[in-house]
Amino acid sequence: MTDCKICNLVQRAQATLVTYSTLLIAPVLLLAFRVHWGLAFFRDGKGKLLNHEAVAQFFAESVQLPFPELNAWLVGGIELGGGLLILLGLLSRPVALVLTVNMLVAYLSVESDRAAILGVFSDAQPFIDADPFFYLLTSALVLAFGPGAISLDALACKLWRNKQGASSCCKAC
């Protein structure tokens, strides 16, 4: 009889924790990642666009990317625009997909980072220490979980739901 009361108490506590973490912690955590790393993406993209020649030279000489001039513009634009959209939480999942691919290419383009991502299961520390790690983590979090309740996507979903009626709801909110 005592075990059942303890189990019930633990189950209620767990349900309460899940409810409050879903309503309070997750949106704030996603917002913090989006704001910090969205701004970082934006700044890095802006830097790539303003220093296009140096970035193109780095892409050509250091990582031997094809079409370095075009890739410098493309990566800079993706990071600037994508960073701004992630920061705002607008079109978050499609943008997060593009940024995730962008960061995977960044990992695979630099020899030491390529070794880090390919050896992540044998030694995770080089993967974590690589420059693209938190950018990749943030874009993957937003891709997997969406932007959270504190975002323009969530606001748009709520407005859509109110316009369409309670029976129609998008999956974003």
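Hey, any hits in the stretch 114-133 for a residue that's more than 16 Å from Phe33 (Cα to Cα), in contact with a Leu (Cβ under 6 Å, 6 or more places away or on another chain) and at pLDDT below 95? So far as the stretch 114-133 goes, yes, one or more of its residues are more than 16 Å from Phe33 (Cα to Cα), in contact with a Leu (Cβ under 6 Å, 6 or more places away or on another chain) and at pLDDT below 95. Of the residues making up the stretch 27-81, those that are among the β-branched types (Val, Ile, Thr), surrounded by fewer than 17 Cβ atoms within 10 Å (Cβ to Cβ) and farther than 26 Å from Leu141 by Cα number 0. Within the stretch 150-157, is even one residue out of contact with any helix residue (DSSP H, G or I) (no Cβ under 6 Å at 6 or more places or on another chain), part of a loop (DSSP other than H, G, I, E, B) and of a type in the set (A, V, I, L, M)? Scanning the stretch 150-157 turns up no residue that is out of contact with any helix residue (DSSP H, G or I) (no Cβ under 6 Å at 6 or more places or on another chain), part of a loop (DSSP other than H, G, I, E, B) and of a type in the set (A, V, I, L, M).
With respect to the conditions (1) in a helix (DSSP H, G or I); (2) over 20 Å from Gly38 (Cβ atoms), Asn102 lacks only one, and its number is (2).
Taking the criterion of being over 19 Å from Gly82 (Cα atoms) and of a type outside the set (A, V, I, L, M), the residues of the stretch 147-161 that qualify are Cys157, Lys158, Trp160, Arg161. Here Glu111 does not fit the description of being in contact with an Asp or Glu (Cβ under 8 Å, 6 or more places away or on another chain), within 21 Å of Lys48 (Cα to Cα) and of a type in the set (Asp, Glu). Is it true that some residue in the stretch 57-70 is closer than 30 Å to Ser151 by Cβ and in contact with a Phe, Trp or Tyr (Cβ under 8 Å, 6 or more places away or on another chain)? Within the stretch 57-70, none of the residues are closer than 30 Å to Ser151 by Cβ and in contact with a Phe, Trp or Tyr (Cβ under 8 Å, 6 or more places away or on another chain).
Counting the residues of the stretch 117-146 that are assigned to a loop (DSSP other than H, G, I, E, B) and either more than 18 Å from Asn102 (Cβ to Cβ) or of a type in the set (Ser, Thr, Tyr) (or both) gives 6.
The values are calculated or read from the model by the stated rules, or taken from the named source; none is laboratory data. The structure presented is a predicted model; accordingly, all values stated were derived computationally and were not measured. Note that we place each Cβ from the backbone using ideal geometry, even for glycine, and neighbour counts take in every protein chain shown.
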